[in-house]
Amino acid sequence: MPAVMIVDDSAYARFVLKDRFKHRGWDVLTVGSGEEALIQVSNFVPDLITMDVLMPHMNGIETVKALRAKWDGPIIMVSSQTQGGADLTWQALEAGASDFVGKPAPTQPLDQIIDQIIAKYEALKTPYVNRMVKVMPSSRPKALPTHTRLLIIGASTGGPKALARVVKYFQSPWSIPIAIVQHMPASFTASLAARLGQITGIPVRESPLFPQKMPWEPGQIILARGGYHLRLDEHAFWSEPGPRLHGVIPAIDVTGIDGVKAFGQDLCFTILTGMGEDGAEAAYQCHKAGGTVIVQDPATAVVWGMPQATLNKGVGDMVGTLDEIGSWLNEVIHPGFGIS
């Protein structure tokens with residue numbers, strides 16, 4: 001049976017999480033501090049660690065940093081859905097945490113959070129066990145498209161760090177708008193937008209809620225608002241509620257298919273790390289319409305599901321590492337700049 005170590009200073013949180021995991025057939029060890037986690041990780045040898053962010057003495061960020069010196073398995077942060085909790089979550093991811101879930105709201109069943117944690121574990125454990133995906137040689141055409149009018153980037157598990165690495169290559173000002181769809185709870189997208197804005201030097205905005213719409217402008221970056229689908233046409237973009245697609249909202253396919261309808265061959269569509277197959281259908285439609293599809297090499301992704309599902313459609317015009325993709329996209333958003 002898989003084993004999980006639950007790290008949380010709240011005795012109640014430890015009790016309820018342990019109860020839910022045991023009902024799923026997991027072996028469970030609970031510890032109340034980061035110091036105890038460092039001692040027990042070698043004795044218990046967990047398959048997964050869940051980590052509270054706010055703990056006295058040694059907080060979750062410090063604990064993740066120390067754990068990474070001796071243990072390389074998946075660590076999932078259980079984060080408060082507040083602005084402060086979101087800010088600390090990004091620090092935890094930078095320290096080496098694998099992913100995060102938001103702590104449940106009072107009306108949200110705890111089992112939904114456990115489902116999310118286990119699904120993330122199943123996706124994340126592959127790199128630590130035996131990833132049966134070979135690194136592909138990077139591929140790019142002799143010339144990148146010079147006619148792109150919109151760039152869409154989709155990401156899921158592992159996405160915040162992947163996005164940060166890609167956008168650091170973007171040299172401002174650039175001449176086309178950029179739309180980013182990251183699978184993420186509603187309370188975390190504002191903080192992610194702020195962090196990406198710090199990296200690019202360009203303010204990153206969450207998409208406005210319908211009926212408000214914002215017109216496309218050169219050089220802007222839009223992040224899909226958590227809990228809503230990012231919709232667009234040739235003239236504007238907005239967020240609106242709707243059914244989940246592939247179990248997620250915002251869904252990359254919703255935005256991507258809108259992008260194909262509005263921009264056709266003038267769309268550049270990029271898929272980064274993530275679990276599942278969201279984005280693959282939009283990538284296929286983008287390819288059929290004559291647009292450009294760029295895919296992260298699955299073997300370099302934290303989770304290979306979305307990149308591999310896209311490549312399985314046979315539509316990856318360019319496949320590369322995050323650094324290669326960042327460099328390529330910088331050329332795409334500067335038409336005529338640096339194109340060989």
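The values are calculated or read from the model by the stated rules, or taken from the named source; none is laboratory data. These figures come from a predicted structure and were not determined experimentally. All Cβ positions, even for glycine, are placed from backbone atoms using ideal geometry, and neighbour counts span all protein chains on display. Please note that ligands, DNA and RNA were not included when accessible areas were found on the heavy atoms of the full protein model with its side chains. Shrake-Rupley method; radii C 1.70, N 1.55, O 1.52, S 1.80 Å.
What percentage of all Cα-Cα pairs in region 269-340 are separated by more than 22 Å? Value for region 269-340: 18 percent of Cα pairs lie more than 22 Å apart. Between LYS213 and ALA3, 0.36 nm times their residue separation minus their Cα-Cα distance comes to what? Taking 0.36 nm per residue and subtracting the Cα distance, the gain is 70.9 nm.
In the context of the full set of protein chains, residues of region 1-41 present 48 Å² of accessible surface per residue (probe radius 1.4 Å, heavy atoms only). For ALA299 and LEU245, a Förster radius of 35 Å and the Cβ-Cβ distance give a FRET efficiency of 0.85, rounded to the nearest 0.05.
For region 306-317, putting each phi into the Karplus relation 6.51 cos²θ - 1.76 cosθ + 1.60 with θ = phi - 60° gives couplings of 5, x, 5, 4, 5, 5, 5, 7, x, 10, x, 5 Hz, in residue order, rounded to whole numbers and with x for Gly and Pro.
Between GLN171 and HIS147, the FRET efficiency from the beta-carbon distance, with R0 = 22 Å, is close to 0.65. Please return the longest range in the chain lying between exposed loop sites, taking trypsin sites (Lys or Arg not before Pro), DSSP loop only, at most 11 other beta-carbon atoms within 10 Å, and leaving the sites out. In the chain, the maximal stretch lacking such sites is 143-243.
Where the centre of each part is set by its Cα atoms, how far does region 283-339 sit from region 10-88, in angstrom? Using only Cα atoms to place each centre, the spacing works out to 35 Å. The ellipsoid equivalent to the alpha-carbon distribution of region 1-67 has semi-axes of 19, 14, 8 angstrom, derived from the gyration tensor eigenvalues as √(5λ) and listed largest first. Determine the shape class of region 1-132: with a ≥ b ≥ c the square roots of the Cα gyration tensor eigenvalues, call it rounded for a/c under 1.5, and otherwise prolate if a/b is greater than b/c, oblate otherwise. Cα axes put region 1-132 in the rounded bin.
So what is log10(I(q)/I(0)) for region 144-203 at q = 0.17, 0.23, 0.27 1/Å, when the Debye sum runs over its Cα atoms only? Each listed q maps to, in turn, -0.60, -1.05, -1.34. Where the accessible area of the chain is counted over protein heavy atoms with a 1.4 Å probe, how much of it, in %, is carbon and sulfur? Taking all protein chains in place, the chain shows 54 percent carbon and sulfur surface. Across the chain the C-alpha pair distances fall into 20 Å bins from zero in the proportions 32, 55, 13, 0 percent. Computed over protein heavy atoms with a 1.4 Å probe, the accessible surface of region 166-276 works out to 39 Å² per residue.
When the label point is put 7 Å from the Cα of ASP87 along its Cα-to-beta-carbon vector, which residues of region 160-201 have a backbone N closer than 16 Å? Correct set: 188-199.
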